[in-house]
Amino acid sequence: MTATTNRPAPGPITPPAKPNLLYRPEFRQAVYQVLLVVCLLFAFWTIANNVADNLARQNIASGFGFWNRTSGFDISQSLIPYSNQSTYGQAFWAGLLNTLLVAVIGIVFATVLGFLVGIGRLSSNWLIARICGAYVELLRNVPLLLQLFFWYFAVLKNLPGPRQSIALPFGASLNVRGLYLPAPVPEPGFGAVLTALGIGIVLSIAVAIWARRRQRATGERFPVLWTTLALVLLLPGAVYIALGQPLSFQYPVLRGFNFQGGIAVLPELMALLVGLSTYTASFIAEIVRAGIAGVPRGQREAANALGLSSGLTMRLVILPQALRIIIPPLTSQYLNLTKNSSLAVAIGYPDFVSVFTGTVLNQTGQAVEVILLTMLVFLTISLITSAFMNWFNKHIALVER
Amino acid sequence: MADTSRQQLRRAHGAAGAIVLSGVHKWYGEFHVLRDINLTVKDGEKIVICGPSGSGKSTLIRCINRLEEHQQGQIVVDGIELTSDLRNIDKIRAEVGMVFQSFNLFPHLTVLDNLCLAPVWVKKKSRAEAEKTARMYLERVKIPEQALKYPGQLSGGQQQRVAIARALCMNPNIMLFDEPTSALDPEMIKEVLDVMIELANSGMTMMCVTHEMAFARSVADRVIFMDRGEIVEMAPPGEFFSNPKSDRTKHFLSQILNH
Ligand SMILES: Nc1ncnc2c1ncn2[C@@H]1O[C@H](COP(=O)(O)OP(=O)(O)OP(=O)(O)O)[C@@H](O)[C@H]1O
Ligand SMILES: [Mg+2]
């Protein structure tokens, strides 16, 4: 800065006096940060010290030595081979897979139901809008634990016993012990049907790409949905019949007091899936509604003025813009659903928390290790989910400068 | 100049009228927004509508492409009557282009995609053909170089010109404008008005809500003054500005011309 003459102020210009160190923002911020770090370090040190002392006093060996010891307890549902002769490590994986099963299926159900209800709430059809509104208000205002109890004890545990099972189509049956589905048993030649299905899927993707190109080139639209259905259903269906139906079903049959054979879905799993996904869907519906309502009214008017039908307007103009508003809170609903799945403990579904953080911790007493691992597992699931949703948001939903 | 071609066009199309409103009423609940509107717009005619805020100008032109529904009377656009028949509404929307005060471009699409969306999905044109038309109209509104940008990257005047081009891409017979320059800074108003004047000279039938009185003087065939949901006065611009009949018109003109 140089003293210029075109200003009336006489004398040389002095640089503004620096304020006292205490009043400078940079200095204050630095001091606060250092203080925070010191406090955090002290807290961690105290806790770690305390834990080490307590463990030493109770003669508990720390470490993961328990991992390969025999667990000695059973798990009512496992996606991997597991018995009471298996190790604690295998119990960890069995529980984790059970949690992931609920999380993945629950997220799919909740998303589909949530979008339907959310869009339905904005419907111009009075009845549909009211039903969707009532659904949201009811489901999101009753505590989730209560809803799980309702589905488990009031609905599924009140079903008739195996001898009076409710018969469902295709040889399935439902009773107080669970849902019994016929299990498919492939016979020689079934590989060909699967191959046909694979070819059908590849062909329909090719058709979809070709139809898209052709629409860009000539403007003509092609009934992609119908050709896809035909290729994916009829092609393998034809091969299946031509080869003499090389797939048999093992039907669940009543033997003694229960059903044998087939696939059994435990009532605990059903209650958890229904409860979690209907509950989360009510929140997703609100998020979807807010997202659509967040798109300015002028967008719909401009699209209508151009002659786009209401379906095309929703698909090409409103939803792409609404997704930008929807995805961040949707991600946190997915994380909520995953974390809420630990309420499984209350109705006896063997999820990760109930198996590992519950039974394994109780039997081994390795509280620190087990809790740390549990936190690590949920942190990992959460970070992977968020990372995926961020990626989706960046590359698919958010294509705007 | 273009006057003669306009008159020829009008004579060629006879007196049927591109837009015919007869006895149109509309209510928002208890509130009577449009009262007994009678108006015939001939082919190639340019109508400018002005009037105080809340007088129902927007409502009137939004009724013409069914963004709003009228409750009484008859609206016939290009020989098609607007009823709740969805097929008629679709036909009319394909014939009528609309430009809004707030542009309403689709922010998630590039300028080119904004222009191609409706021709491809509604008129089922090929992408190549739609793109060719789109680039031609971008040229006409003098922003061919912005084709691949997103609306958020353009100035207000450029966005409004894109919006005009987007409407033109559907090859409409009639263009509706609802205060197209009201959201713009003064230096951008001219670039949009220039495009509209060029469009008017090309023989397009236009209905335009605006308070740009210079534009009304040079382009309009008739100027309409609306107040409290009624058409109070309707006259060619010369007569309208120099010799207004009603006191309400005089009052309104004195207010806006003194600014
Ligand atoms: N959706 C609606 N529901 C109820 N009243 C409305 C609605 N839209 C407009 N109105 C009312 O109808 C009247 C006319 O509105 P309109 O938008 O047509 O006025 P305008 O002449 O275009 O005014 P401006 O110059 O401010 O744009 C106003 O009093 C407005 O408050
Ligand atoms: Mg208006």
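The values are calculated or read from the model by the stated rules, or taken from the named source; none is laboratory data. Only a predicted model underlies this, so the values are computations on that prediction, with no experimental measurement involved. Methodologically, a virtual Cβ is constructed for each residue, glycine included, from the backbone with ideal geometry; neighbour enumeration extends over all protein chains shown. Ligands, DNA and RNA are excluded from the accessible area calculation, which covers all protein heavy atoms including side chains. Shrake-Rupley method; radii C 1.70, N 1.55, O 1.52, S 1.80 Å.
Overview of values
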| item | result |
| --- | --- |
| Net charge contributed by nearby residues that have their C-beta within less than 14 Å of residue A:162 (K/R +1, D/E -1) | +4 |
| Segment A:135-256: relative contact order in percent, alpha carbon pairs under 8 Å with at least 6 residues between | 28 |
| Charged-residue dipole, Cβ positions (Lys, Arg, Asp, Glu), chain A about Cα centre, Debye nearest 20 | 1220 |
| Selection from B:120, B:195, B:237, by position along the positive dipole direction of segment B:120-250 (Cβ) | B:120 |
| Around residue B:138: net Lys/Arg minus Asp/Glu count, Cβ-Cβ under 13 Å | +3 |
| Between A and B, accessible area buried - total, square angstrom, nearest 100, 1.4 angstrom probe | 2500 |
| Relative contact order of chain A, defined on C-alpha pairs under 8 angstrom at six or more residues apart (%) | 21 |
| Helix-only CD estimate at 222 nm, as mean residue ellipticity for chain A, using -39500 (n - 2.57) per DSSP H run (n ≥ 4) | -19000 deg cm²/dmol |
| Residue order for A:227, A:380 - accessible surface, 1.4 angstrom probe, largest first | A:380, A:227 |
| Largest to smallest accessible area among A:168, A:179, B:39, A:225 [probe 1.4 Å] | A:225, A:168, A:179, B:39 |
| Only Lys, Arg (+1) and Asp, Glu (-1) charged, at Cβ; segment A:273-401 dipole about Cα centre in debye | 500 |
| Theoretical FRET efficiency, 1/(1+(r/R0)^6), r = Cβ-Cβ of residue A:130 and residue A:52, R0 51 Å, to 0.05 | 0.25 |
| Inter-chain shielding of B:85-96 (mean C-beta neighbours from other protein chains, 10 Å cut-off) | 2 |
| Listed residues A:231, A:138, A:41, most fluctuating in chain A (Gaussian network, C-alpha, under 10 Å) | A:41 |
| Descending semi-axes in whole angstrom, ellipsoid equivalent of chain A, from the Cα gyration tensor | 49, 40, 22 |
| Segment B:121-184 versus segment A:309-331: alpha-carbon centroid distance in Å | 23 |
| Candidates A:209, A:119, A:325: whichever shows maximal mean-square fluctuation once chain A is modelled as a Gaussian network with Cα springs under 10 Å | A:209 |
| Solvent exposure ordering (accessible area, 1.4 Å, most first) of B:121, A:210 | A:210, B:121 |
| Carbon/sulfur fraction of accessible area - segment A:154-286, other protein chains in place, 1.4 Å, % | 70 |
| Accessible area (Å², 1.4 Å probe, nearest 10) - residue A:131 | 100 |
| Charge-dipole axis of segment A:82-225 as Lys and Arg at +1 and Asp and Glu at -1 on Cβ define it, positive-most pick from A:132, A:215, A:89 | A:215 |
| Ranked packing of B:215-221, A:62-68, most packed first, by mean Cβ within 10 Å | B:215-221, A:62-68 |
| Acute angle (nearest 10 degrees) that the helix B:2-13 long axis makes with the longest principal axis of chain B, alpha-carbon atoms | 80 |
| Average partner coverage of A:315-323, which counts Cβ from other chains inside 10 Å | 3 |
| Dipole of segment A:272-356, positive direction: furthest Cα of A:340, A:293, A:355, with charges on the beta-carbon | A:293 |
| Sorted peptide list for B:233-242, B:41-50, B:137-146, criterion being average Cβ within 10 angstrom, highest first | B:41-50, B:137-146, B:233-242 |
| Fraction of beta bridges assigned by DSSP in the protein assembly as shown that are antiparallel (%, nearest 5) | 65 |
| Only Lys, Arg (+1) and Asp, Glu (-1) charged, at Cβ; chain B dipole about Cα centre in debye | 480 |
| Under 12 Å, Cβ to Cβ, from residue B:83 - net charge with Lys/Arg +1 and Asp/Glu -1 | 0 |
| Cα-based shape type of segment A:118-275, given that a ≥ b ≥ c are square roots of the gyration tensor eigenvalues and the cut on a/c is 1.5 | oblate |
| Segment A:29-53-segment A:230-267 distance, computed between alpha-carbon centres (Å) | 60 |
| Test item: B:114-121 mean partner chain Cβ contacts at 10 Å | 5 |
